[in-house]
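Taking it in order: structure first as structure tokens, then the write-up.
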Amino acid sequence: MQSETTFERVHSSDADRLHAMAGRIYHQHYADLWEDRGAQYLRDALSVEKLRDELSQPQARFFYIQSRLESAGFIKFNLPAESGENDGLYLERLYLDEAFTGRSLGKLGLQFAEQQAIELGIERVWLKAMAYRDDVCRFYARHGYTACGESTLSFPKVVHGRTKMITFEKRISRQSDAT
């Protein structure tokens with residue numbers, strides 16, 4: 001599968017395509033997080049305008065995950081701020097269409113982000129995951145990520161009891177074996 005998987009940079013001109021993909025995939029995996037099935041979150045956080053804005057930010061990197069020439073999902077990470085405030089690459093989104101889950105594409109996405117960090121001289125990759133998604137938390141742990149903090153999702157309409165997020169991190173180096 002690895003040789004058939006590519007990561008293609010997303011450009012601001014792709015905001016409409018990215019919006020359609022993000023909405024479809026987000027709904028597949030996280031509709032149950034929201035009282036309104038995610039409608040407001042999708043309007044606020046994954047609108048075409050919001051994605052276009054994110055795509056224009058110099059620290060943000062979006063890539064389509066292509067599997068056998070089909071769009072399987074996308075990955076977004078943010079480079080550390082120049083201020084040195086954060087010493088790691090923040091893996092903000094790793095979204096895979098449910099039709100492509102179970103094909104090692106998530107693992108390849110993590111490896112891609114880690115390789116990008118190594119090439120940029122960044123020694124830490126970190127991310128946040130919804131605590132109620134045990135399968136997702138186990139996935140990150142299986143690939144060498146350790147829990148290092150907790151936070152609370154602060155958006156309206158989150159289902160009661162599902163606001164806890166876990167921060168995971170992985171220290172990497174040039175010598176580190178990819179996950």
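Read the figures in this text as sums done on the coordinates, not as results from a lab. Quick caveat: nothing in here was measured; it's all calculated off a predicted structure. Here the Cβ is made from the backbone with ideal geometry for all residues, glycine too, and neighbour counts use every protein chain on show.
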*Express the relative contact order of the range 56-112 as a whole percentage, based on alpha carbon pairs under 8 Å and six or more residues apart in sequence.*
27
*What length, rounded to one decimal in nm, is gained on full extension from Arg138 through to Lys50, with 0.36 nm per residue of separation minus their alpha-carbon distance?*
28.7 nm
_Ranking request for peptides 149-155, 159-165, 89-95, 121-127: highest mean number of other beta-carbon atoms within 10 Å first, then the rest in descending order._
89-95, 121-127, 159-165, 149-155
_What lysines does Lys170 reach when the alpha-carbon gap must be under 16 Å and sequence neighbours fewer than 8 apart in one chain are set aside?_
Lys107, Lys128
*asked:* Neighbour counts of other C-beta atoms within 10 Å: give me Cys148, Cys137 arranged from fewest to most.
replied: Cys148, Cys137
*Using Cα pairs under 8 angstrom and six or more residues apart, how large is the relative contact order of the range 2-123, in percent?*
25
*Fewest-first ranking of Thr5, Thr101, using other Cβ atoms within 10 Å as the exposure measure*: Thr101, Thr5
*So what are the three principal axis dimensions of the chain from its Cα atoms, in whole Å, longest to shortest?*
46, 36, 36
